[in-house]
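The values are calculated or read from the model by the stated rules, or taken from the named source; none is laboratory data. What you are looking at is a predicted structure, and each value in this text was computed from that prediction instead of being measured. In this analysis, Cβ positions are derived from the backbone assuming ideal geometry, glycine residues included, and neighbour counts consider all displayed protein chains.
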Amino acid sequence: MPRSRSRSSSPKKKHSKKSRRSRSKSRERREREKRNTSKARSRSRERSRKKRSHSRVSRSSSPEIDIFGRDLKQKTLLEELKKKEENDRKAEQERLRKIRQQEQQEKQIEEEVMRRVEELLPQRLEIELEKRREEMEEEVARRVEEARKILEDTLREEKEREQEEFLAIQRQKDEEALSRQRELENLMESNQQKLEEAQRKLAEERLELVNRQRQLEEERMAFERERKREAKAAQETILGKKGARPKLSFSLK
């Protein structure tokens, strides 16, 4: 994977590498030119030194002169030096021309390489992506599976938490209902006790009333019997005296 990412992001990096190589080559060319210039200066100084040496030698010997009175050896030496300097200058120009030509060729080669890289890079990327497609698909499938498991675990935990909350609420409701039921049972039991107590008192009162009524009835019947007995006795007394009218007395108990 890291290798694939580095290739997918390579165009800019490759261009930067090419530019660095180009700058490095330019520095190398400048260094070569400096070295060549230094060598040319060294050769020029060497020629001047040899020229001065030849001049000293020529002055020490008897000079040969032409018809105009000029030293022939010195003239020949100067001509040779001028010719040599001209040849050296032409050689240096040719060398510099070859360097510039080589630089131009290197630049063309570099541009051609960059053009081919730009042309081949998409194809190479496509080939690399095709090679990595299966691995990428497997990675995507693995991540999707991990996300699915995480989601399932989250949903399961949430469902368990909701179930626990529901059971806790249900237990609380059951406890409250049981408490209300116990309170109602206690209230009903208390009311039942009060009702039984009231019924007991009512029964006692009814029994007392019945006893009182029976007692009153017995007293009334006794009074009635006594009244009848006295009336009968009085009547018998009246009848027993045969017409005598005895004084009647009635008493009520």
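Observations, loosely collected:
Okay, residues lined up against (1) in a helix (DSSP H, G or I); (2) surrounded by fewer than 10 Cβ atoms within 10 Å (Cβ to Cβ); (3) at pLDDT 90 or above; (4) of a type in the set (Lys, Arg):
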| residue | (1), (2), (3), (4) |
| --- | --- |
| Lys173 | yes, no, yes, yes |
| Met188 | yes, no, yes, no |
| Leu195 | yes, no, yes, no |
| Glu208 | yes, no, yes, no |
| Asn211 | yes, no, yes, no |
| Leu216 | yes, no, yes, no |
| Ala222 | yes, no, yes, no |
| Glu226 | yes, no, yes, no |
| Ala244 | no, yes, no, no |
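- Of residues in the stretch 58-105 being in contact with a helix residue (DSSP H, G or I) (Cβ under 8 Å, 6 or more places away or on another chain) and more than 26 Å from Glu46 (Cβ to Cβ), the one modelled with the lowest pLDDT: Asp66
- Residue list for the stretch 69-117, filter: touching a His at 6+ places or on another chain (Cβ under 9 Å) and not hydrophobic (A, V, I, L, M, F, W, C): Lys73, Gln74
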